[in-house]
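Participant: Could you have a look at this structure, given as structure tokens, before my questions?
We did not get these values from a lab; they are worked out from the coordinates using the rules stated. Only a predicted model underlies this, so the values are computations on that prediction, with no experimental measurement involved. Backbone-built Cβ (ideal geometry, glycine too); neighbour counts: all protein chains shown.
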Ligand code: IPE
Ligand code: IPE
Ligand code: MG
Ligand code: MG
């Protein structure tokens, strides 16, 4: 029976459900491997890495590796190890990132640096990155090693560039986009490309890589918007960390450009000045960002990357895996966590 639009049930919000259901068995194996690989006779390694891994996280990047392998018709088991490897690179960067950003909340739990201190977090981050390299070598493919070692080097360089351009209101949008590309988009791109590599489908590599790259750009643009508009309850991380760290992201950059002289002076004091940022400063920053509607611009920018991602895989044959990857993209554009 046909329903009129008015009586149809509301269209459900895009979620990760379709993706997670489709790859459930592989994701379970990946999670088991992740747990096995962080086992260590050094209690601090097991405790600290166990803490951040058990706290969960969305597991988007390894899920993309598993889905892209499925999309490419792969039937072996190399993708499990590589999905774990991708999550290890991600987790290592989170441990380091939370030290650099002085963050206190991650995945709804106190950060490792808050619980064990900066030194332990940096060292266990290094351990996880080393584990990732062991997993790449165990896979044995020089192509995989190239993709993932390039990604690891580019992510680190992106984090350094981000640090170098912080506390400066004169930063250009292109520099900001370059940082996003390096620190986030490259790992999403690699995660997606790996499926085509293990399946030996060279023609699928570039479309999947470009899909992941644009998805990663959109993902980080939304993350930077949520740093002002999200809630700690939903996100599992503290709001306003970027502002407190003097990180000039798109919502702030545009609010500054559109601001009055008085507003510009406020941003300069907070970002470039020496004083500690107060809760009232953050509230004022959020008010200015809302008044200039700049989060809407970030969303538009993210949607434009969403269009690039969709176009990138349009040529690939229809399949349940492709549908799930497209819904993952929709989720990332609409996400609140
Ligand atoms: C956080 O990534 C780091 C960014 C690139 C913004 P996620 O939001 O995927 O983190 P988890 O793994 O779900 O915790
Ligand atoms: C992403 O940047 C960090 C990495 C890709 C390493 P953010 O600093 O915005 O990530 P969150 O917000 O702390 O998760
Ligand atoms: Mg951070
Ligand atoms: Mg962030």
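Participant: Restricting to Cα pairs below 8 Å that are 6+ residues apart, what does the relative contact order work out to for the range 166-324? Please round to a whole percent. Before the final figure, lay out each step's value.
Facilitator: Values: 186 pairs, mean separation 47.6, N = 159.
With pairs under 8 Å counted, the relative contact order is 30 percent.
Participant: Here is a follow-up. So if I take the alpha carbon set of the chain, get Rg, then get Rh from the Kirkwood formula, what is the Rg over Rh ratio? Show your work: numbers first, answer last.
Facilitator: Working: Rg = 20.3 Å, Rh = 20.7 Å.
Reported Rg/Rh (Cα atoms, Kirkwood Rh): 0.98.
Participant: From the C-alpha coordinates alone, can you work out the Kirkwood hydrodynamic radius of the range 267-308, in Å?
Facilitator: Evaluated over the range 267-308, this radius sits at 12.0 Å.
Participant: Same structure, new question: Would you kindly state how much longer the chain becomes between residue 143 and residue 337 on full extension, computed as 0.36 nm times their sequence separation minus their alpha carbon distance, in nm to one decimal? Display every interim value, and only then the final one.
Facilitator: Working: separation 194, 0.36 × 194 = 69.84 nm, distance 3.32 nm.
Extra length from residue 143 to residue 337 when fully extended: 66.5 nm.
Participant: Work out how much length residue 157 to residue 296 would gain on full extension: take 0.36 nm times their residue separation and subtract the Cα-Cα distance, in nm to one decimal.
Facilitator: Contour length minus the Cα-Cα distance gives 47.1 nm.
Participant: Here's a follow-up. Evaluate the Debye formula for the range 74-175 with equal point scatterers sitting on the alpha carbons, no solvent, and hand back log10 of I(q)/I(0) at q = 0.11, 0.15, 0.16, 0.24 Å⁻¹, in q order, two decimals.
Facilitator: Listed by q, the Debye log ratios stand at -0.42, -0.72, -0.79, -1.20.
Participant: Expressed in nm to one decimal, what extension gain is obtained for the pair residue 307 and residue 115 from 0.36 nm per residue of sequence separation less their Cα-Cα distance?
Facilitator: Difference between extended and current length: 65.0 nm.
Participant: To the nearest 0.05, what FRET efficiency results for residue 17 and residue 75 with a Förster distance of 22 Å applied to their C-beta separation?
Facilitator: With R0 = 22 Å, the Cβ-Cβ based efficiency is 0.35.
Participant: Same structure, new question: I need the shape label for the range 136-216. Rule: rounded when a/c is under 1.5, else prolate if a/b > b/c, else oblate, with a, b, c from the alpha carbon gyration tensor. Intermediate values should be presented prior to the final figure.
Facilitator: Working: a/c = 4.50, a/b = 1.99, b/c = 2.26.
Cα axes put the range 136-216 in the oblate bin.
Participant: Also, quick follow-up: Return the ratio Rg/(2.2 N^0.38 Å) for the range 10-129, where Rg is computed over Cα atoms only. Write out the running numbers ahead of the final one.
Facilitator: Values: Rg = 15.5 Å, N = 120, 2.2 N^0.38 = 13.6 Å.
For the range 10-129, the normalised Cα radius of gyration comes out at 1.14.
Participant: GNM on the chain, C-alpha springs below 10 Å: top fluctuator among 166, 40, 149?
Facilitator: 40
Participant: Another question, if that's okay. With contacts defined as alpha carbon pairs under 8 Å and 6 or more residues apart, what's the relative contact order of the range 45-163 in percent?
Facilitator: Details: 99 pairs, mean separation 33.2, N = 119.
Result for the range 45-163 is 28 percent.
Participant: How high is the relative contact order of the chain, in percent, with contacts defined as C-alpha pairs under 8 Å that are six or more residues apart? Walk me through the intermediate numbers first.
Facilitator: On the way: 485 pairs, mean separation 74.1, N = 337.
Result for the chain is 22 percent.
Participant: Still on this structure: If each of residue 175 and residue 36 carries a label point 7 Å out from its Cα toward its Cβ, how far apart are those two points in nm?
Facilitator: 4.7
Participant: Considering the chain as a Gaussian network with a 10 Å cut-off on Cα pairs, which listed residue, 15, 278, 68, attains the greatest mean-square fluctuation?
Facilitator: Looking only at 15, 278, 68, the biggest GNM fluctuation is shown by 278.
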